[in-house]
Amino acid sequence: MEFKTLQNVPVETIYRAFTDAFSNYSVKQEVSLQQFTEMITTRSFSPENSMGCFIDDELIGFILCGIRDYNHERHAYDIATGVLNEHQHKGIGKEMLRKQIELLKVNSVSYFKLEVLEENTAAIELYKNQGFTIIRKLECYEADRDSLIFPNRAKYRFGNDLSKFMKQNTSGFQLYKSTWQNDLVSVGNNIDGHHFLSIEMNDRIICFGFIHCERGNIPQIGVLPKWRNQGLEAILINKLATLATSEKISFINVEASSYLSETLDNIGISITVSQFEMQLKL
């Protein structure tokens with residue numbers, strides 16, 4: 001058994017291991033190679049900062065890590081951790097995590113973040129034993145696309161000028177501190193897969209959103225403070241839903257009890273999964 005980075009390991013090899021490892025996972029992870037490649041690219045996958053476990057040169061376990069710089073510090077994110085089914089329950093995951101943490105320290109990473117299902121108490125304890133702490137609770141939401149589309153009688157001007165949005169101070173729109181998957185960096189890493197839409201007043205953006213039209217995922221909704229609690233979010237979600245080709249509309253890893261989570265509750269969008277965001281200061 002050998003532990004080494006995933007540098008120079010073909011994405012097809014990682015995908016095959018991912019598919020096997022998550023075949024019995026409680027949350028369905030049925031993705032094509034193209035979707036998998038998009039996922040890891042969106043989340044800033046860094047092979048040289050990711051750990052693999054090999055037996056006779058076969059990849060049997062992995063921790064896929066994304067790397068980004070925030071405020072002059074390097075942050076790592078656990079995109080996915082898995083072990084092939086026939087090799088599970090042998091302590092490989094625990095040893096991989098230890099090796100992963102060592103690797104990130106050597107590569108001058110300051111923080112290591114991940115998400116874990118609220119019900120996965122064994123994994124939570126494993127991470128706590130390695131020094132991780134729970135930062136916040138996250139909720140995933142989903143609704144039928146058609147249920148979010150309704151006649152809109154409000155007279156608002158919609159725009160789709162992304163260059164105009166990029167000139168804004170985007171922090172002023174935030175409804176909660178974005179999680180890794182929802183960060184504007186993630187959206188930017190796959191901007192061609194997303195559609196941007198804004199609501200404007202007096203030629204000024206007051207509300208915006210992005211949607212992945214194929215998947216129906218809305219990673220970002222933002223509203224200026226003085227325009228909140230006026231129903232703009234529902235109007236924008238309605239408009240974004242009309243652009244989706246998927247049957248479902250989803251919001252992944254929204255901070256629990258945040259303005260957006262309360263808005264989604266009020267609209268009637270259901271929680272499907274609850275997770276904890278955990279962090280290790282290296």
Open item on the list: For the stretch 145-157, which positions are under 19 Å from H194 (Cα atoms) and in a strand (DSSP E or B)?
Closed with: none
- [ ] Pull up the stretch 10-32, narrow it to residues that are at pLDDT 95 or above and either in contact with a Ser or Thr (Cβ under 9 Å, 6 or more places away or on another chain) or not assigned by TED's automatic domain parsing to the domain that holds E86 (or both), then point me to the one that is farthest from L84 (Cα to Cα).
- [x] V11
Open item on the list: Tell me the residue from E48, E12, E38 that is acidic (D, E), part of a helix (DSSP H, G or I) and closer than 22 Å to I101 by Cα, please.
Closed with: E48
Open item on the list: Take the conditions without any contact (Cβ under 8 Å) to a residue 60 or more places away in the chain and over 25 Å from F36 (Cβ atoms) and apply them to E125. Does it pass?
Closed with: yes
Task: Of residues in the stretch 202-238 being in contact with a Gly (Cβ under 8 Å, 6 or more places away or on another chain) and touching a residue at least 40 places away in the same chain (Cβ under 8 Å), the one nearest to A143 (Cα to Cα) - done: I237
Open item on the list: If M96 satisfies all but one of (1) under 21 Å from T13 (Cα atoms); (2) without any contact (Cβ under 8 Å) to a residue 40 or more places away in the chain; (3) buried (at least 16 other Cβ atoms within 10 Å of the Cβ); (4) not small (G, A, S), what's the number of the condition it fails?
Closed with: (2)
Task: Candidate set: the stretch 26-49, residues that are in contact (Cβ under 8 Å) with a residue 40 or more places away in the chain and out of contact with any helix residue (DSSP H, G or I) (no Cβ under 8 Å at 6 or more places or on another chain); chosen: the one surrounded by the most Cβ atoms within 10 Å (Cβ to Cβ) - done: M39
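The values are calculated or read from the model by the stated rules, or taken from the named source; none is laboratory data. Everything numeric here is computed off the predicted structure, so don't read it as measured data. Every residue, glycine as well, gets a Cβ built from its backbone with ideal geometry; the counts of neighbours run over all protein chains shown.
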